[in-house]
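*Asks:* Quick one: the structure is below, and I'll ask about it shortly.
The values are calculated or read from the model by the stated rules, or taken from the named source; none is laboratory data. Source: prediction; values computed, not measured. All Cβ positions, even for glycine, are placed from backbone atoms using ideal geometry, and neighbour counts span all protein chains on display.
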Amino acid sequence: MKKATMRSDTVDALSFPDLCRFCQAEEDWVIELVEQGVLEPIGGNPGNWRFIGTSIVRAKKARRLSRDLGINTAGVALVLDLLEQRDAVLRRLAQYEAV
Amino acid sequence: MEYKDYYKTLGVARTASTDDIKKAFRKGARKYHPDINTGAEAEAKFKDVNEAYEVLKDPERRAAYDQLGQDAPRTQGRYQPPPDWEGGFSFSDRAPHGNEGFSDFFETLFRRGAGPTSGMGSTRGADSHGRIEISIEDAYRGAERALSLRTPVVGPDGSVRLQDRTVSVQVPKGIVQGQHIRLAGQGAGPASDLFLEVSFAPHPVYCPDGRDLYLDLPVAPWEAALGGHVVMPTPGGKVDLRIPKNARTGQKLRLKGKGLPGAPAGDIYATLKIVNPKVETEQAQKFFERMAKEMPFDPRAHLGG
């Protein structure tokens, strides 16, 4: 066992190619997700797109869903929306149940 | 090593057709997908379902697995493959996708001597992805955490072994669930990174939502009735909280900027919960009796009738 201290940083923003690498996804797939409104990059065209915060989290979740369950981008968009609604409801429920 | 009943995992008969196996796998994958069904148990089941499908979908692997038979040699739950295992079979596609290992049973029977997962050995290795669970307190202050990693390493003779190592991870202050920490150069291959998705360990008090934290704040009936200041401990230190007069159970108080640090910092939402003291002494008994007599209060007035 070797112990190492290393450079670590928080992933705050990713460029278009970096996001593709991060998700191990094709460019076309990412573009489709942007067109579905699932990912909302800053910047007008793919050349200067910056993906931040929730877009990074959503991209990775979307990738897992599409890879593991074979869902297309429209389906992924719907699943993500429903999951976010469900999580919000669960949070509210937890608050009421605790009281 | 434990014997794995892949048919049982997928809930199909040993005679099931490839289509039925596929159907059972898809159903199981949807049901237990870690993004849909949170909880450690679901994640383990999802892995089991994938492992079972990885074997049963492939005619070569399935035939080899079937040959092991139901009456596989088992002694007290431990399983040893027969010595002539793999005789007469050749596995064309050994490595399943993803770089997460399956069970020892799978690794021994189906991946013995096989190459590492795709992407490694090339000039640019595939990035690795993992998860790290931290406490909400760690996210408040920043922390250093030791993480155990197991990476396949290719030896000079081409054999693969798993190398254990411990890396220290700097957890930055103000990180929230879902964010990723990148460890540059620590991926499985050369010049590849390791990404760790952050999740918070369940907390006995706080419920996180982004940078905001929710909690139930217990208050005594007189604190709620009279209002006033209470001191509330938070991960960022003690804060003074003003309870309004005639506060109700369920009333939400916001502590601006006292949530997880950041720009902007999150808020803490305290939901008031009026808690009655337990009546155990005669004095307390008398006191409540006096209240019952002297306080004109009907909590059921709105029910009518």
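*Asks:* Please pick out the residue among A:42, A:56, A:71 that is within 9 Å of chain B (Cβ to nearest Cβ) and of a type outside the set (Gly, Ala, Ser).
*Replies:* A:56
*Asks:* When you scan region B:4-26, how many residues do you find that are loosely packed, with under 15 Cβ neighbours inside 10 Å and among the hydroxyl-bearing types (Ser, Thr, Tyr)?
*Replies:* Going through region B:4-26 one residue at a time, the tally reaches 3.
*Asks:* On to the next question. Taking region B:161-218, which residues are aromatic (Phe, Trp, Tyr) and more than 9 Å from chain A (Cβ to nearest Cβ)?
*Replies:* Of everything in region B:161-218, those that are aromatic (Phe, Trp, Tyr) and more than 9 Å from chain A (Cβ to nearest Cβ) turn out to be B:200, B:206.
Condition check ((1) at pLDDT 90 or above; (2) closer than 21 Å to residue B:131 by Cβ; (3) in the same structural domain as residue B:133 (by TED's automatic domain parsing)) across all residues:
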site: B:15; (1), (2), (3): yes, no, no
site: B:23; (1), (2), (3): yes, no, no
site: B:32; (1), (2), (3): yes, yes, no
site: B:52; (1), (2), (3): yes, no, no
site: B:56; (1), (2), (3): yes, no, no
site: B:63; (1), (2), (3): no, no, no
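*Asks:* Separate question: I'd like to check something: does region A:4-17 contain any residue that is touching a Lys or Arg at 6+ places or on another chain (Cβ under 9 Å), of a type in the set (Lys, Arg) and surrounded by fewer than 17 Cβ atoms within 10 Å (Cβ to Cβ)?
*Replies:* Within region A:4-17, one or more residues are touching a Lys or Arg at 6+ places or on another chain (Cβ under 9 Å), of a type in the set (Lys, Arg) and surrounded by fewer than 17 Cβ atoms within 10 Å (Cβ to Cβ).
*Asks:* Please give the strands (runs of 3 or more DSSP E) falling wholly within region B:193-305 in which 1 or more residues are of a type in the set (Val, Ile, Thr), exposed (fewer than 13 other Cβ atoms within 10 Å of the Cβ) and not assigned by TED's automatic domain parsing to the domain that holds residue B:38.
*Replies:* Once the strands (runs of 3 or more DSSP E) in region B:193-305 are filtered for at least 1 residues that are of a type in the set (Val, Ile, Thr), exposed (fewer than 13 other Cβ atoms within 10 Å of the Cβ) and not assigned by TED's automatic domain parsing to the domain that holds residue B:38, what remains is B:228-234.
*Asks:* Would you confirm whether or not region B:34-41 contains a residue that is away from chain A (no Cβ under 14 Å) and either out of contact with any strand residue (DSSP E or B) (no Cβ under 8 Å at 6 or more places or on another chain) or over 17 Å from residue A:76 (Cα atoms) (or both)?
*Replies:* yes
*Asks:* Answer with yes or no whether residue B:123 is among the polar types (S, T, N, Q), surrounded by 15 or more Cβ atoms within 10 Å (Cβ to Cβ) and at pLDDT below 80.
*Replies:* So residue B:123 does not fit the description; no.
*Asks:* Please name all residue pairs, on different chains or six or more residues apart, with Cβ atoms under 7 Å, provided the first residue is in region A:87-98 and is at the interface with another protein chain (Cβ under 7 Å from one of its Cβ atoms) and the second residue is outside any helix (DSSP H, G or I) and among the aromatic types (Phe, Trp, Tyr).
*Replies:* Here the result reads A:95/B:214, each pair linking region A:87-98 to a residue that is outside any helix (DSSP H, G or I) and among the aromatic types (Phe, Trp, Tyr).
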